[in-house]
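Engineer: Pasting a structure here, questions to come.
The values are calculated or read from the model by the stated rules, or taken from the named source; none is laboratory data. Since this is a predicted model, take the numbers as computed values, not measurements. Positions of Cβ are backbone-derived with ideal geometry, glycine not excepted, and every protein chain shown enters the neighbour counts.
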Amino acid sequence: MIMTVELQAPAVAATPQTASRPWAARLARPLLGLLLPLSLALAWELAVWAGWSNGRLVPPPSKVFTTIAELARSGELTRHITMTLTRVGIGFGLGVAAGTLLGGICGYWGLARRLIDPTVQALRAIPSIAWVPLFILWLGIFETSKVALIAVGVFFPVYLGLTGAILSVDRKIVEVGRVFRLSGPAMIRRILLPAVLPAYVVALRVGLGLGWMFVVAAEFMGASEGLGYLLIDGQQLGKPAQIVAAIVIFAIIGKATDWLLEIATAPLLRWQDSFARQSGAA
Amino acid sequence: MLQLQSVTKVYPNGVHALERFSSEIQLGEIIAIIGGSGCGKSTLLRAIAGLDRASNGTVTLDGEAIAAPHAKVGIIFQEPRLLPWLTVADNIGFGLSELPAAERRERVARALERVGLADKAKVWPRELSGGQAQRVAIARALVAQPEVLLLDEPFSALDAFTRKDLQDHLLDLWADTRPTLILVTHDVEEAVVLADRVLVMRPHPGRLFEEITINLSRPRDRNAPLFEQFKRHVLTALDRSLDRTVPDTQGRREPGGGLWW
Ligand SMILES: Nc1ncnc2c1ncn2[C@@H]1O[C@H](COP(=O)(O)OP(=O)(O)OP(=O)(O)O)[C@@H](O)[C@H]1O
Ligand SMILES: [Mg+2]
């Protein structure tokens, strides 16, 4: 008797959640977030169209779209996007590799942490942009210094996130591994890695966000290609529409890469019972 | 046979958690350890599990000293401690990674069946109730077929009804292979229902105070007069074990008055 009640209750509770909330409702939720920016854009478009503003310094959305379309037609847009994406990609890859390696070692091995962590923490206190002149002197004005700056930006959140995550792994769960007599490598693979993964993914996403921030800074320091170059170019030639266009593209691609990262890691984190997931499904 | 020879534990902070605890436990015996808070019950269990080393004295299982977790010794904690990233079935099979996959699957399926959770095999731990999660923890420990199973207050976080249910269930599972069970509890009734022998401990420093053999046949009727008598016996022993540490200025106590936890 007790068993049947206990077993059926979740099944009954689960059905209305999935059935009475069809995918239409799930689609409507993100659309809700678009409401405010879209109406603001529309209002501005109307204001310029009605002649209340000449829209020279703040171009209306239609002007921005024509600018983007022109850039796309000439093939310039793809060139700039590819360039910026390449820089972010390589910088992110290097930053993640270094952050993961060092973060993993310092998180796992106490001696390494006492040796290395204070230095890393001290370096972290330096605003990363302050490295720019040195990087240019050391690595030249071209790609290497740009990628290095992005990698530095990505490194810190990944390093900090990973060491913090390893240090806060629940001792009680580690004890389960000890009871089953896992060897060192097995303990890492079967207990530490999965336990650390959620925080690591968050660190990767923060790192990616910083990567996008630093690519702009990197492309400000003398580039002839890239979305950051479009910004500078727009400023120097007095083309606000081009600046806004580059900003919009930054926003779209930045969000898209973050989303890809989220999608790619989601299957690994299905077991998580997070608040965001619950409110996303309900 | 499990032999505890004057097992002593002094923590680095100077606390004498365990003072020359000795006992012999036969294979298949069910032992309940009961005693006031902080009298070293968990410390003792962790020493037997090989999770912490005793400062002095030895724990030997079939003549083999235990200094690190041992394949023949399993432990169930107060919390289920399931790995949240593994399904229920994978949690149960966690300690069987050396077995071929087919055999592992079969053993896990049998264990799931045995704890009545066959329909939960693919479910994440977070989707289980407290009682179900603890049943999974029991299955995870038993599937490795330990010779000695240690349980540190395994049911104390559960409601009275579920607890009774799981006590009966544990006896049921025990009857399959008859491992040695060593169970720490705060619940006198639980001790008398389950144990062949109840070891009463006293604190400061933690040591064995009294040993009570429960020679009642199984299954035990919780309402039988003899059952009541054993319960009273254990309660008075507990009381005496605690009263010795409390100055006698507080006057006479009711039996069981020391059970303030
Ligand atoms: N890791 C530790 N470091 C220092 N002292 C400890 C540690 N663990 C336990 N103690 C001390 O050792 C004594 C015995 O602790 P233990 O956990 O074994 O008691 P217990 O009988 O299990 O108590 P409870 O019934 O409350 O679980 C206590 O005084 C406690 O403060
Ligand atoms: Mg305890």
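Engineer: Among the numbered conditions (1) in a strand (DSSP E or B); (2) of a type outside the set (G, A, S); (3) away from ligand 2 (no atom under 16 Å from the Cβ); (4) in contact (Cβ under 8 Å) with a residue 24 or more places away in the chain, tell me where B:E24 comes up short.
Structural biologist: (4)
Engineer: May I pose another question? If we keep just the residues of the stretch B:27-41 that are aliphatic (A, V, I, L, M) and either surrounded by 17 or more Cβ atoms within 10 Å (Cβ to Cβ) or at pLDDT 95 or above (or both), which is nearest to ligand 2 (Cβ to nearest atom)?
Structural biologist: B:I33
Engineer: Then there is this: Test of understanding: among A:A148, A:A122, A:A186, which residue is assigned to a helix (DSSP H, G or I), modelled with pLDDT under 95 and closer than 30 Å to B:G93 by Cβ?
Structural biologist: After applying the criteria, what remains is A:A186.
Engineer: Another question about this same structure. Among the residues of the stretch A:151-176, which ones are within 12 Å of chain B (Cβ to nearest Cβ) and either surrounded by fewer than 20 Cβ atoms within 10 Å (Cβ to Cβ) or not in a helix (DSSP H, G or I) (or both)?
Structural biologist: A:V169, A:D170, A:R171, A:K172, A:I173, A:V174, A:E175
Engineer: Same structure, new question: From the list B:R178, B:R163, pick out the single residue that is in contact with an Asp or Glu (Cβ under 8 Å, 6 or more places away or on another chain), surrounded by fewer than 24 Cβ atoms within 10 Å (Cβ to Cβ) and basic (K, R).
Structural biologist: None of the others qualify; the one that does is B:R163.
Engineer: Also: Please count how many residues of the stretch A:1-26 are at pLDDT 50 or above, surrounded by fewer than 10 Cβ atoms within 10 Å (Cβ to Cβ) and in a helix (DSSP H, G or I).
Structural biologist: Adding up the residues that qualify gives 2.
Engineer: Now for a different question. One residue is enough: does the stretch B:241-257 have a residue meeting the conditions at pLDDT below 90 and within 19 Å of B:R163 (Cβ to Cβ)?
Structural biologist: The answer is yes, given that some residue of the stretch B:241-257 is at pLDDT below 90 and within 19 Å of B:R163 (Cβ to Cβ).
Engineer: For the stretch B:98-106, state whether one or more residues are surrounded by 14 or more Cβ atoms within 10 Å (Cβ to Cβ), away from chain A (no Cβ under 14 Å) and not in a loop (DSSP other than H, G, I, E, B).
Structural biologist: yes
Engineer: Of a type in the set (V, I, T), within 12 Å of chain B (Cβ to nearest Cβ) and under 22 Å from the mean Cα position of the chain (by Cα): which single residue out of A:V196, A:V179 fits that description?
Structural biologist: Checking each option against the conditions leaves just A:V196.
Engineer: Right, another one. Please work out which one of (1) within 30 Å of B:D172 (Cβ to Cβ); (2) of a type outside the set (D, E); (3) away from ligand 2 (no atom under 16 Å from the Cβ) is the condition B:T8 fails and give its number.
Structural biologist: (1)
Engineer: May I ask you to list the residues in the stretch B:52-66 that are more than 13 Å from ligand 2 (Cβ to nearest atom) and touching a helix residue (DSSP H, G or I) at 6+ places or on another chain (Cβ under 8 Å)?
Structural biologist: The answer is B:R53, B:A54, B:V59, B:I66.
Engineer: Inspect the stretch B:18-39 for any residue being away from chain A (no Cβ under 14 Å), β-branched (V, I, T) and within 12 Å of ligand 1 (Cβ to nearest atom) and give the result as yes or no.
Structural biologist: yes
Engineer: Of the conditions (1) buried (at least 17 other Cβ atoms within 10 Å of the Cβ); (2) facing chain A (nearest Cβ under 9 Å), B:L44 satisfies every one except a single condition; which number is it?
Structural biologist: B:L44 satisfies every listed condition except (2).
Engineer: From the set of residues in the stretch B:136-156 that are within 16 Å of ligand 1 (Cβ to nearest atom) and not in a strand (DSSP E or B), which is surrounded by the most Cβ atoms within 10 Å (Cβ to Cβ)?
Structural biologist: Among those that are within 16 Å of ligand 1 (Cβ to nearest atom) and not in a strand (DSSP E or B), it is B:P154.
Engineer: Could you tell me whether B:T213 is more than 16 Å from ligand 1 (Cβ to nearest atom) and over 21 Å from B:V73 (Cα atoms)?
Structural biologist: Judged against the criteria, B:T213 is a match.
Engineer: If I ask for residues that are of a type in the set (A, V, I, L, M), at the interface with another protein chain (Cβ under 8 Å from one of its Cβ atoms) and buried (at least 20 other Cβ atoms within 10 Å of the Cβ), which ones from the stretch B:63-82 would you list?
Structural biologist: Within the stretch B:63-82, just B:I75 meets the criteria.
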